[in-house]
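Encoded as structure tokens, the structure appears first; notes follow it.
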Amino acid sequence: MLEASLCPYPILPDETARLAVLRELQILDTPPEQDFDDLSRLAASICGVPIALISLIDEDRQWFKSRVGLDASETPRDLAFCAHDKTQILRPRRSGKLSFDPGDFP
């Protein structure tokens with residue numbers, strides 16, 4: 001992982017724990033799933049946009065669990081909007097649920 005002072009994107013104080021839980025969920029690099037794809041299509045439709053993504057950020061990349069309107073399966077983390085806007089990160093919890101509240105994160 002990059003040193004925070006050298007990093008082109010913010011490193012959250014709980015980054016190590018966040019990455020550990022992300023790995024525990026064993027969702028990275030898994031095949032597409034209809035439920036996630038349905039959510040992406042619904043989001044694109046409701047918002048009237050050509051692209052909708054469900055992305056997960058690991059140490060080096062933004063990986064797309066689901067994507068509509070984009071062929072790429074991942075992008076480098078330093079290009080990922082989600083890696084820069086740290087206020088909008090859904091945080092995985094050990095329970096398997098997701099949370100926007102940093103207080104819910106171990």
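Structural remarks
- J(HN,Hα) series, segment 29-40, from Karplus relation 6.51 cos²θ - 1.76 cosθ + 1.60, nearest Hz, glycine and proline x: 6, 8, x, x, 10, 4, 4, 5, 5, 4, 5, 5
- Residues I57, I46, I27 in ascending order of nearby Cβ atoms (within 10 Å, fewest first): I46, I27, I57.
- Ranking of D35, D58, D29 by count of other Cβ atoms within 10 Å, fewest first: D35, D29, D58
- Virtual spin-label span in nm between D35 and I11, 7 Å along Cα→Cβ: 3.4
Coordinate-derived values only; no laboratory data. Given the structure is predicted, the values throughout are model-derived calculations rather than measurements. Reconstructed Cβ throughout: ideal geometry from the backbone, glycine too, with neighbour counts over all protein chains shown.
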